[in-house]
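Below is one structure, written out as structure tokens, with a few remarks after it.
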Amino acid sequence: MATLLPDCPLCQQPGGALLWQGTHLRVVEVEDADYPGYTRVIWNAHMAEMTSLSRHGRELMMEAVWRVEETQREILHPDKINVASLGNMVPHLHWHIIPRWRGDRHFPDAVWAPPRIPRGQEPPEWAPRMAALQAVMQRYRNRLLETLNALPRH
């Protein structure tokens, strides 16, 4: 049985819009208007570090992360993808997979840094790019489900 902590937000909530869930981990879409496709892979049981997982768990977690990144590259065509596991604020094992584009509000800084471009002052090509991304988001979700369904569920 998975260990869950009552004061941990990732033990008590999905951590985003649930896209896929297996026995050991789940994949959620983060609702962030600036970063369509921002996805998290979250270990279901409360654990703080990758080295706390078994070899199988580590391999399963990273395989899910790589499948998300690969799907972002295939469907969303970002200029760069940020992959991060911080856990400073929420010490529950999870990875952020964030598609990035030149001209996004934070580029080239991390999405957690103060924005370089104030909302509403994005370059002229930004609105059409966001519209094009929104138009392929369901395709992204469908492809992600397809590839994640091929992961072992136990």
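The values are calculated or read from the model by the stated rules, or taken from the named source; none is laboratory data. Just so it is clear, the structure is predicted and the values come from calculations on it, not from any experiment. Positions of Cβ are generated from backbone atoms using ideal geometry, with glycine treated the same way; all protein chains shown enter the neighbour counts. Note: areas computed on protein heavy atoms with side chains; ligands, DNA, RNA excluded. Shrake-Rupley method; radii C 1.70, N 1.55, O 1.52, S 1.80 Å.
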Completion exercise
Per the helix-only model, the chain has a calculated mean residue ellipticity at 222 nm (DSSP H runs of ≥4, -39500 (n - 2.57) each, divided over all residues, rounded to the nearest 500) of -9500 deg cm²/dmol
Exercise for the section: With label points built 7 Å along Cα→Cβ from the Cα atoms of residue 142 and residue 130, find their separation and express it in nm. Expected result: 2.5 nm
Problem - In Å², nearest 10: area of residue 24 left accessible to a 1.4 Å probe - result: 60 Å²
Fill in the blank from the handout: If one builds a Gaussian network model of the chain from Cα atoms under 10 Å apart, the most fluctuating residue listed among 72, 12, 134 is 12
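Could you size up the charge dipole of the chain around its Cα centre, putting +1 on the beta carbon of Lys and Arg and -1 on that of Asp and Glu, and report it in debye to the nearest 20? Display every interim value, and only then the final one.
Working: 17 positive and 17 negative charges, 35 e Å.
Computed about the Cα centre, the dipole is about 160 debye.
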Practice task
Mind checking the per residue accessible area of the chain for me, 1.4 Å probe, whole number of Å²?
Solution key: 55 Å²
Completion exercise
Rounded to 0.05, the calculated FRET efficiency for the beta carbons of residue 107 and residue 86 at R₀ = 22 Å is 0.70
Problem - Amide N of the range 77-119 lying under 15 Å from the label point, which is placed 7 angstrom from the Cα of residue 13 along Cα→Cβ - result: 89-92
Problem - Cut-off 13 Å (backbone N to label point 7 Å along Cα→Cβ of residue 77), residues of the range 98-133 - result: 129-130, 132-133
Exercise for the section: For 34, 7, 79, give the ranking by accessible area with the largest first, probe 1.4 Å. Expected result: 7, 79, 34
Completion exercise
Ratio for the chain, C-alpha Rg to 2.2 N^0.38 Å, reads 1.07
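By per-residue mean of other Cβ atoms within 10 Å, what is the highest-first order of 81-90, 115-124?
Details: 81-90: 12.9, 115-124: 10.8.
Going by the mean number of other Cβ atoms within 10 Å, highest first, we get 81-90, 115-124.
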Exercise for the section: Over 15 Å, how big is the tail of the calculated P(r) for the range 68-154, in percent of all Cα pairs? Expected result: 67 percent
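At a 1.4 Å probe radius, carbon and sulfur cover how many percent of the accessible area of the range 1-44? Don't skip to the end; give the middle numbers.
Numbers: 1150 of 2120 Å².
Here carbon and sulfur together make up 54 percent of the probe-accessible area.
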